[in-house]
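The values are calculated or read from the model by the stated rules, or taken from the named source; none is laboratory data. Note that this is a predicted model, so its numbers are computed, not measured. Cβ sites come from the backbone with ideal geometry, for glycine too, and all protein chains shown count toward neighbours. For the accessible areas, the whole protein counts, side chains as well, though only heavy atoms, and no ligand, DNA or RNA atoms are used. Shrake-Rupley method; radii C 1.70, N 1.55, O 1.52, S 1.80 Å.
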Amino acid sequence: MKKKIMMGIAFVAALALVSCKSSESSYKKAYEKAKAQELTRTNPNEQVETPPVTVTPVVTTTVTEDNTANDRQERLDVMNGGTLKAFNVVCGSFEKIDNANSLRNTLVAKGYSAQVAQNPETKMYRVIATSFDDRASAVNSRNVLRATYSDAWILYRTY
């Protein structure tokens, strides 16, 4: 009886170890991505072949609600020398500036005039894709950006 219990425990342990194994393709994808980033850092002027980008058609939406209660208000310090307007569409918030700059570079490559700004109270870096003087334009831009960045939100800049 004791022998059967020990065999059962060994079988369950072996099954648990085998089922937690990561797939080789995951490691390969991570390796290729890291290698491409390394090549970009070591040879910034050299052209690196990038995979084709799938472009999603832009659908223009109109503002159906004018509820400013969902907008956050924060004081921001612009990190890269640009200027911000009153209503800003934020696509990402980060504790590390390197992560914020990475998303900013992605947005700039897609044609946005993205900027990084820091909230001095929370020390969070906000990646702002677009900036507008009126809320309606910001809402339309946020709705378009949510196709790619589902958690995009509007930030009202206080001074």
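Against the definition (more than 16 Å from R72 (Cβ to Cβ), within 14 Å of the chain's Cα centre (by Cα), assigned to a helix (DSSP H, G or I) and polar (S, T, N, Q)), how does N105 come out, yes or no? So N105 fits the description; yes. Quick one: which residue in Y159, Y125, Y112, Y149 is open to solvent by 50 Å² or more (accessible area, probe 1.4 Å) and free of Cβ contacts under 8 Å to residues at least 60 places away in the same chain? Result of the check over Y159, Y125, Y112, Y149: Y112.
State yes or no: is L84 open to solvent by less than 30 Å² (accessible area, probe 1.4 Å) and under 17 Å from D71 (Cα atoms)?
yes
Candidates in the stretch 64-76 are the residues that are at pLDDT 90 or above and not in a loop (DSSP other than H, G, I, E, B); of these, the one that is surrounded by the most Cβ atoms within 10 Å (Cβ to Cβ) is E74.
So that you can scan it fast, the table gives a plain yes or no per residue for (1) exposed (fewer than 10 other Cβ atoms within 10 Å of the Cβ); (2) at pLDDT 65 or above:
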residue	(1), (2)
K2	yes, yes
P44	yes, no
T62	yes, no
N80	no, yes
G92	no, yes
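Within the stretch 128-145, the set of residues being in a strand (DSSP E or B) and open to solvent by 40 Å² or more (accessible area, probe 1.4 Å) comprises F132 only.
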